[in-house]
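These notes concern the structure reproduced below.
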Amino acid sequence: YTRNGTRFFAVGVNYWPGSAGVDMWNQWPEQEIQHDLDVIKNIGFNTLRVFLRWDIFEPSPGVLNRTSVAQLEDLLTWISSRGLVAHVSCFVGFMSSGYFWPSWKGSANLFASQMMQNRSVEYAYSMAQVAGRHPGAILCLEYGNELDVTTEAANAPEEAVEQWARMVTDAYKRGFKASGDALPVLVITGTDRTVCHDKFNLGRVAVDLTSVHGYPVKDWKPIQDWTDMTDPLALHLLPFYTAVTRSYGPVMVQEFSTIYTSSPPAEQDAYLRGMLPLAW
């Protein structure tokens, strides 16, 4: 990235407040959030990835939750005032095995339903407008968390997923630009399945940046014969995914940490120190 004419290296965290977790927007622990932002800044991070739960931000079709939108405006103001930037995930209907689709979605497929395509475009445009009012606080907008592993993607034709992605990309760019700036970066975020085989075809979905999640968890991989996180196979998996994805464009290495703290700290440390230079 380049920000204000200077090279910018994004280093940060996925963010939910500890007291509320994924219910952040309903509970809105304001003091805790501002304290956490100070901690993120003081640690030396410069970026946080925040998640807009669609069911909360659009509780009825075409009707935005004004309270949640105001909270987002406040959050972006707080982020900018600390010299931080936000990586905003807008379509959070799926998060860490939890599903948070809007109730009005019913059984309609996110990608294949004309109604859901229309709603997605309007929602993307609205959220991009909000983000565009805080351009100094925005690193990028993404589609949503790991949409590639949802039943929505599994049950939709590839052509429908690609059409949805093109329509949402256009809505993001139009919405952000309507507030006076061009969209900095658009991210497609997925698991390692995005690299192997997925409805989000990297060669046909037009994005500026791709982020691939690659945790070193054996049970999530098609190859499981490694000993621990310091095994050469474990160390080379995410760098391999990164190298493949780079053939389609720039890559953000994201969600690469050890996730499980049951491994000894020395093993976790060795994994990160061994893997990150290879991914670079």
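The values are calculated or read from the model by the stated rules, or taken from the named source; none is laboratory data. Computed from a predicted structure; not experimentally measured. Cβ: placed from backbone, ideal geometry, glycine included. Neighbour counts: every protein chain shown. Each accessible area value is taken on the protein alone, full model and side chains, heavy atoms only, with ligands, DNA and RNA left out. Shrake-Rupley method; radii C 1.70, N 1.55, O 1.52, S 1.80 Å.
Which one, ALA112, GLY44, ILE138, projects farthest toward the positive side of the charge dipole computed for the chain from Cβ point charges (K/R +1, D/E -1)?
Of the candidates, ILE138 comes out farthest on the positive side.
In percent, what relative contact order does the range 1-159 have, based on Cα pairs under 8 Å that are 6 or more apart in sequence?
Contact order relative to length: 23 percent.
State the extension gain, in nm to one decimal, for the chain segment bounded by ARG166 and TYR248, taking 0.36 nm per residue of separation less the distance between their alpha-carbons.
Once the chain is fully extended between ARG166 and TYR248, it gains 27.9 nm.
At LYS177 and GLU30, where each label point lies 7 Å from the Cα along Cα→Cβ, what is the point-to-point distance in nanometres?
Distance between label points: 3.6 nm.
Suppose we keep just the DSSP beta bridges with both residues in the chain; what percent of those would be antiparallel, to 5?
Bridges in the chain are about 15 percent antiparallel.
How many nm separate the modelled label positions at ASN201 and ARG3, each set 7 Å beyond the Cα in the direction of the Cβ?
3.6
Per the helix-only calculation at 222 nm, which mean residue ellipticity applies to the chain, given -39500 (n - 2.57) for every DSSP H run of n ≥ 4 and division by its residues, nearest 500 deg cm²/dmol?
One gets -12500 deg cm²/dmol as the mean residue ellipticity at 222 nm.
Please list, in order along the range 21-28, the HN-Hα scalar couplings obtained from phi with the Karplus expression 6.51 cos²θ - 1.76 cosθ + 1.60 (θ = phi - 60°), rounded to whole Hz, x for Gly and Pro.
With coefficients 6.51, -1.76 and 1.60, one gets x, 5, 9, 3, 6, 7, 8, 6 Hz.
What does the accessible area per residue of the chain come to in Å², with a 1.4 Å probe and no ligands, DNA or RNA counted?
On the way: 12650 Å² over 280 residues.
On a per-residue basis, 45 Å².
At 7 Å along Cα-to-Cβ for each site, give me the label-to-label distance between TRP104 and GLU73 in nm.
2.1
Pairs of alpha-carbon atoms within less than 8 angstrom and 6+ residues apart define the contacts here; what relative contact order does the chain have, in percent?
13
Would you mind getting me the FRET efficiency between SER96 and LEU272? Use the beta-carbon distance for r and R0 = 25 Å, nearest 0.05.
0.75
With the full set of protein chains in place, find how many percent of the accessible area of the chain is carbon and sulfur; take the probe as 1.4 Å.
Answer for the chain is 52 percent, counting heavy atoms of protein chains only.
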